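Structure first, then comments.
The values are calculated or read from the model by the stated rules, or taken from the named source; none is laboratory data. In this text the structure is predicted, and so the values were computed from the model without any measurement. Note: ideal-geometry Cβ built from the backbone for every residue, glycine included; neighbour counts use all protein chains shown. Protein only, heavy atoms only, side chains kept; ligands, DNA and RNA dropped before computing areas. Shrake-Rupley method; radii C 1.70, N 1.55, O 1.52, S 1.80 Å.
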Amino acid sequence: MSPNIALNGDNNLKQEIKELGFGTRAIHVGQEPDPNTGAVIPAISLSTTYKQSAIGVHHGYEYSRSDNPNRSKFEQAIASLEKGKYALAFSSGSAVTATIVTSIGTNGHIVSVSDVYGGTNRYFSKVADTQGIETTFVDLHDPQNLKDAFRFNTNLVWVETPTNPTLSLVDIKAVAEITHQHNAILVVDNTFMSPYFQNPLELGADIVVHSVTKYINGHSDVVMGVFITNNQEIHNKIKFLQNAIGAVPSAFDSWLANRGLKTLHLRMKQHQENALRIARFLQGSDKVDQVIYPGLESHPQHLLAKKQARGFGGMLSFKIKGGFKEANTFLQNTKLFTLAESLGGVESLAEHPAKMTHSGLTQEHRNAVGVTDNLIRLSIGIEDAEDLLADIQQSLDIADPVFTSTLPKLPRYNSEAKEYFPTMTEENKC
């Protein structure tokens with residue numbers, strides 16, 4: 001046991017939490033057993049209002065839009081994992097984005113990485129623009145490109161790394177230095193990496209955001225977002241707007257997200273292990289033009305990935321030989337990979353960015369950032385790698401133009417028996 005840990009009679013941890021390992025913090029921070037019942041797992045607090053002993057005298061909670069015990073516990077835990085002092089949970093990642101943008105006021109200016117998530121691009125381009133806030137999209141492969149984008153009214157620099165879906169990297173430390181030279185605030189969307197693999201606040205970011213829906217919750221059953229910072233002034237401003245706007249998560253969603261957080265370290269290890277195996281497999285396939293995964297030595301920013309992160313994550317993209325037709329055929333014939341938007345759940349997902357998550361971008365913008373018709377994005381789950389590899393192989397075989405006209409569609413896959421069996425018909429159902 002760490003010498004910094006002292007346990008009291010109720011088994012509560014009292015220590016400098018920064019000295020504890022990631023998994024220990026994920027499980028214990030904000031999760032003290034109930035002092036009245038002894039319940040090890042905090043109960044779900046559904047009450048919308050709280051008793052006051054006198055006017056304005058309460059136990060930290062007045063009204064659940066302003067705060068809620070389950071939300072507070074989740075915020076404490078995620079702040080610890082991101083090495084931050086403050087965290088605020090929202091009803092979605094998009095709500096976090098909207099609140100941060102609102103905080104800069106009208107006549108502001110944002111500089112965003114060019115291949116940002118499609119939903120963020122949509123908000124910057126079609127919503128913030130109507131509020132008098134302009135956005136400049138910049139290729140940040142070279143951080144020096146940022147310098148020319150600044151204006152007298154630039155408030156925010158918005159970065160994803162790796163980017164979605166092209167998995168380009170941004171040097172967080174270099175961008176932070178340039179951003180702060182211009183008295184702007186750096187926001188880093190850390191959704192793809194999770195706090196297990198990357199902590200942008202330690203590299204100079206002012207704000208870290210996540211779509212909690214993805215890896216943090218990890219089970220595709222919660223829509224949430226979160227904001228983390230070490231800056232009290234920024235926190236206070238966003239906290240005020242969180243309460244005023246009211247885009248807050250329910251108690252149940254906060255409880256579920258906190259439960260998911262407890263296994264994040266275990267899941268991310270398996271996501272990455274599977275992703276690396278699949279990336280190497282795809283790299284050796286003659287049915288694939290390009291594999292994009294920061295964990296491959298062939299990735300042009302592989303060394304940067306090793307420098308600023310502790311791993312490479314579970315997301316990869318690849319360009320299938322051919323075009324939209326081949327990509328569509330591949331995506332329609334996977335058995336274990338589900339054709340669906342979103343990412344970061346325990347199950348494997350596959351999608352077509354150009355027609356799905358990034359369809360809101362103009363064709364010109366998609367071409368510029370590499371979102372081509374043959375690009376496929378995979379969210380690698382934590383299933384057995386051998387099964388995932390077999391699924392990819394059989395679907396590639398069907399999508400290959402050489403075999404498309406002659407190879408029959410494979411029957412559905414029996415994951416338990418690890419074999420294919422005929423699709424049930426009225427004649428053979430029992």
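So how tilted is helix 264-283 from the main axis of the chain? Cα-based, degrees 0 to 90, rounded to 10. So the helix axis and the longest Cα principal axis differ by about 30 degrees. Using the 1.4 Å probe convention, the accessible area of the chain works out to 45 Å² per residue with neighbouring protein chains retained. Using Cα atoms only, what is the angle between the long axis of helix 385-399 and the major principal axis of the chain, expressed in degrees (0 to 90) to the nearest 10? The two axes meet at around 50 degrees.
These residues, 378, 276, 339, go from largest to smallest accessible area, 1.4 Å probe, as 339, 276, 378. For the chain, what's the relative contact order in percent, using C-alpha pairs closer than 8 Å and at least 6 residues apart? Reported as a whole number, the value is 15 percent.
Spatial offset of region 78-117 relative to region 126-175 amounts to 13 Å, using the alpha carbon center of each. For the chain, the fraction of 1.4 Å probe accessible surface lying on carbon and sulfur atoms is 51 percent. For Cα extents along the principal axes in Å, computed directly from the structure shown, the correct entry in [x] 61, 46, 45; [y] 79, 60, 44; [z] 94, 57, 40 is [y]. Ordered from highest to lowest accessible area with the whole protein assembly present and a 1.4 Å probe, 158, 255 read as 255, 158.
Once the C-beta distance of residue 32 and residue 221 is scaled by a Förster radius of 25 Å, the resulting FRET efficiency is 0.45 to the nearest 0.05. Heavy-atom accessible area for residue 168, with the other protein chains in place and a 1.4 Å probe, reaches approximately 20 Å². The accessible area of residue 241, taken with all protein chains in place and a 1.4 Å probe, comes to roughly 30 Å². Tally the DSSP beta bridges in the chain and give the antiparallel ones as a percent, rounded to 5. Of the beta bridges lying entirely in the chain, close to 60 percent run antiparallel.
Given R₀ = 41 Å, what would the calculated FRET efficiency be for residue 393 paired with residue 48, taking r from the Cβ atoms and rounding to 0.05? Given R0 = 41 Å and the Cβ-Cβ separation, E is 0.20.
Tilt of helix 93-103 relative to the longest C-alpha principal axis of the chain, in degrees (0 to 90, nearest 10)? For 93-103 against the chain, the angle is about 50 degrees.
Close amide H contacts of residue 220 (hydrogens built in the peptide plane, cut-off under 5 Å, sequence separation of 5 or more or a different chain): 346.
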